[in-house]
Amino acid sequence: SGMLVLLTNILVVLSVLCSWTAITKRRSEFYFFLLMLQTGILGTFLALDLILFYIFWELMLIPLYFMIGIFGSANRIYATMKFFLYTFAGSVLMLIGILALYYQSAALNNGIGTFSLIDADGPCVLPQPLLILFVLLEAQVALMHSGHHGDPFLSWNLDDQLAAIGFHSLPPPPV
């Protein structure tokens, strides 16, 4: 994840440069949200624990919500509400997958569960729960990052992309 950390930091610097003239009002709030977004992204890349990963993932979504809602185009309120509803649904799926992995590790380790990403790769986890976790996490990714324009269930991301301005209209890097 070292390369993703480097890429994130480069993109944040480019985002500041690109938004320098585009953002004329509430600049301090915009850059606060940008730094909060950077913190969330870096935390997801550096987390070695599923709970920390989940917390930083959620932290990453909060500034995006405000950036679209405050600095977006004319359709920003509609896009912000759609963004919240779909990311909330995806976050619930991810949390269910994380908890399933924890309970599976506890069942296989005499009642001692773990959220550690390092331990999750060992013999304490059976392939079936990992498959369930993978399916839930992929469902979450499909909800949050789909760009199918013809499907009304999966085209929500287009609305927040169109309402956003500047750098935050770029899709976040895959985790």
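The values are calculated or read from the model by the stated rules, or taken from the named source; none is laboratory data. Just so we're clear, the structure is a prediction, and the values are computed from it rather than from any experiment. Cβ: placed from backbone, ideal geometry, glycine included. Neighbour counts: every protein chain shown. Calculation scope for accessible area: heavy atoms of the full protein, side chains included, ligands and nucleic acids excluded. Shrake-Rupley method; radii C 1.70, N 1.55, O 1.52, S 1.80 Å.
Could you check the range 10-31 and list, in sequence order, the residues that are open to solvent by 90 Å² or more (accessible area, probe 1.4 Å) and in contact (Cβ under 8 Å) with a residue 24 or more places away in the chain? Listed by number, the residues that qualify are 18, 26. In the range 5-36, what residues are under 18 Å from residue 70 (Cα atoms), of a type in the set (A, V, I, L, M) and under 20 Å from the mean Cα position of the chain (by Cα)? Hits for the range 5-36 are 34, 35, 36. Would you check if there is a residue in the range 38-46 being over 27 Å from residue 115 (Cβ atoms) and either touching a Phe, Trp or Tyr at 6+ places or on another chain (Cβ under 8 Å) or not charged (D, E, K, R) (or both)? No, the conditions are met nowhere in the range 38-46.
Total residues in the range 44-85 satisfying the condition of being in contact with a Leu (Cβ under 6 Å, 6 or more places away or on another chain) and either more than 29 Å from residue 3 (Cα to Cα) or open to solvent by 50 Å² or more (accessible area, probe 1.4 Å) (or both): the figure is 1.
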